[in-house]
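Reading through the structure tokens given below for one structure.
The values are calculated or read from the model by the stated rules, or taken from the named source; none is laboratory data. The structure displayed is predicted, hence computed values, not measured ones. Here the Cβ is made from the backbone with ideal geometry for all residues, glycine too, and neighbour counts use every protein chain on show. With ligands, DNA and RNA removed, areas are computed over all heavy atoms of the protein, side chains included. Shrake-Rupley method; radii C 1.70, N 1.55, O 1.52, S 1.80 Å.
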Amino acid sequence: MVSPEFSLSMFSPMAKPRNRSFWCLSDSFLYCGGVFLAILLVCSFWSFFTPTLNFSSAITDPSSAVSCKESGFGVNLKSDPKDLTFYDDPELSYSIEKPVKNWDEKRKQWLNHHPSFAAGASERIVVVTGSQPKPCKNPIGDHLLLRSFKNKVDYCRIHGYDIFYNNLLLHPKMGSYWAKLPVVKAAMLTHPEAEWIWWVDSDALFTDMEFKLPLQRYKNHNLVVHGWPELIYDKKSWTSLNAGVFLIRNCQWSMDLIETWSNMGPISKDYKKWGEIQRSTFKDKLFPESDDQTALIYLLYKHKEKYYDHIYLEGEFYFEGYWVEIFGRYENTTEMYLAIERGAAELRRRHAEKVSEQYGAFREEYLKSAGNGKGSWRRPLITHFTGCQPCNGDHNKMYDGESCWNGMVKALNFADNQVLRKYGFIHPDLLDSSIVSEVPFDYPADEGPW
């Protein structure tokens, strides 16, 4: 369409003749327009003959932009539809004493209403840990617990896991080693987006920060725990597995297990009787009270047909490892890993912490001869300081207190070095947490900070 101004000047008999200044101005516009057109033509030919020149990086495609509502993992954290879910049921209880039914269906429904969480749900893990409500009696106990929590936070950050730390008794009767079960049940209800809840005791420390659980191995199981079938069924030992670290699937089977398991604890009117049954069944049990570990072993032993096929007894690597047989090997393990890196430039390469899992996968090729478990020089996934009681200090009398505390410090610094190195520093002495050294560019091919 022609503009009114243009129409008026061209065809109206009332139009005034253009003066010289007007013509000069028009000529200027024409000149500038020609120059601009010439520049466009030059740029067009330039981009045609030099395809590496690219201005597209300065243009943002709205369709490819990440929504501000989404987290870095592509889940929508700001959307909770009005559709009714199990959370709207007034009968829902997080209490360990009130069972949850139809959990698989309820969780599936929640995921259907929150589709951004459904993608990747099968590998989503929430790590749960905790400690007692009161300050520690051991003078260095609170410091050790703080560093223990930092250790777990570091591991979770590297692998993209959420973590929940609890320091309260969610049931007044379920104290000590039984305190974990109310927390785990509550975490399952609170995190329907997660397929797995990973309980890790406060005295259990991650000591291989790159290693990722082989979840595909557990696809047909609902509970993973470090244990040995022959010690359960042949030796009938109360140490045939360790319940201080376990991975449990967020499903109805697990809800039912927790209900049965808990009813062998202090909330049961038969609590004392269960202690007697456990001691009569497992002769090496050292104390009379019913405990969570022996209770789980009892269920596996007495009801094998019901539980064994659903519980994976992990013995191929240190899902959790006994600290006494591990902590003296940290220096040798460190040297063995450095020896690998001296011949593998891809492992020495500096990289962002977010891509650490890739370097863990690279490293596996060089660890085939390392073995697993006792006698191996592979980093243990978790070093478990069972019997050390870092908070109250009442360690098992078979250990010297200093060996417990020094062992924990070594384990913490051994793990911390794997994290700190990505930030450019390292502890040269595993027993001295206060000193760090800067890491050379091509460490360890360069002279190290030792």
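Per-structure values
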| read-out | value |
| --- | --- |
| Qualifying residue in segment 364-383 (condition: under 30 Å from L286 (Cα atoms), touching a residue at least 40 places away in the same chain (Cβ under 8 Å) and of a type in the set (A, V, I, L, M, F, W, C)) | yes |
| Residue count for segment 243-273, restricted to those that are over 16 Å from S176 (Cβ atoms), assigned to a helix (DSSP H, G or I) and open to solvent by 40 Å² or more (accessible area, probe 1.4 Å) | 5 |
| Complete set of residues in segment 253-293 that are touching a Ser or Thr at 6+ places or on another chain (Cβ under 6 Å) and aliphatic (A, V, I, L, M) | M264 |
| Qualifying residue in segment 103-117 (condition: more than 20 Å from D83 (Cα to Cα) and within 22 Å of the chain's Cα centre (by Cα)) | no |
| Unmet criterion (only one of (1) buried (at least 16 other Cβ atoms within 10 Å of the Cβ); (2) modelled with pLDDT of 95 or more; (3) not hydrophobic (A, V, I, L, M, F, W, C)) for G393 | (2) |
| For E402: the one exception among (1) over 27 Å from H159 (Cβ atoms); (2) touching a helix residue (DSSP H, G or I) at 6+ places or on another chain (Cβ under 8 Å); (3) of a type in the set (D, E) | (2) |
| Residue within segment 294-313 that is open to solvent by 50 Å² or more (accessible area, probe 1.4 Å) and either assigned to a strand (DSSP E or B) or assigned by the TED database to the domain that holds L412 (or both) present | no |
| Of residues in segment 405-438 being of a type in the set (V, I, T) and touching a helix residue (DSSP H, G or I) at 6+ places or on another chain (Cβ under 6 Å), the one surrounded by the fewest Cβ atoms within 10 Å (Cβ to Cβ) | V419 |
| So W274, is it more than 30 Å from A415 (Cα to Cα) and either in contact (Cβ under 8 Å) with a residue 60 or more places away in the chain or among the charged types (D, E, K, R) (or both) | no |
| Residue that is surrounded by the fewest Cβ atoms within 10 Å (Cβ to Cβ), among those in segment 104-149 that are basic (K, R) and either touching a residue at least 40 places away in the same chain (Cβ under 8 Å) or outside any helix (DSSP H, G or I) (or both) | K134 |
